[in-house]
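Everything on this sheet refers to the single structure shown next.
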């Protein structure tokens, strides 16, 4: 069963979303059966989310700069 974009289920929006539908479409173009393509996409989405979930966003960096500036 295709789960879709899982990044929306994270507590905080993933700063670098993984396009699962596009990934499935590309795999299918290259001959991967749909059920396998969906399984690969779900696995990659999980890995991608785990790898990028803790990346700092521009807003995070801006907030840190403000906090550091307030220390002076």
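Just a few scattered comments:
- First in region 17-32 and within 20 Å of residue 51 (Cβ to Cβ), second anywhere and in a helix (DSSP H, G or I) and modelled with pLDDT under 90, Cβ under 6 Å, 6 or more apart: 17/7; 18/45; 18/48; 20/45
- Unique match (being exposed (fewer than 13 other Cβ atoms within 10 Å of the Cβ) and touching a residue at least 12 places away in the same chain (Cβ under 8 Å)) among 55, 64, 71: 55
- When 69, 51, 41, 8 are checked against the criterion of being within 12 Å of the chain's Cα centre (by Cα) and modelled with pLDDT of 90 or more, a single residue qualifies: 41.
The values are calculated or read from the model by the stated rules, or taken from the named source; none is laboratory data. Quantities reported herein were computed from a predicted structural model and do not represent experimental measurements. Reconstructed Cβ throughout: ideal geometry from the backbone, glycine too, with neighbour counts over all protein chains shown.
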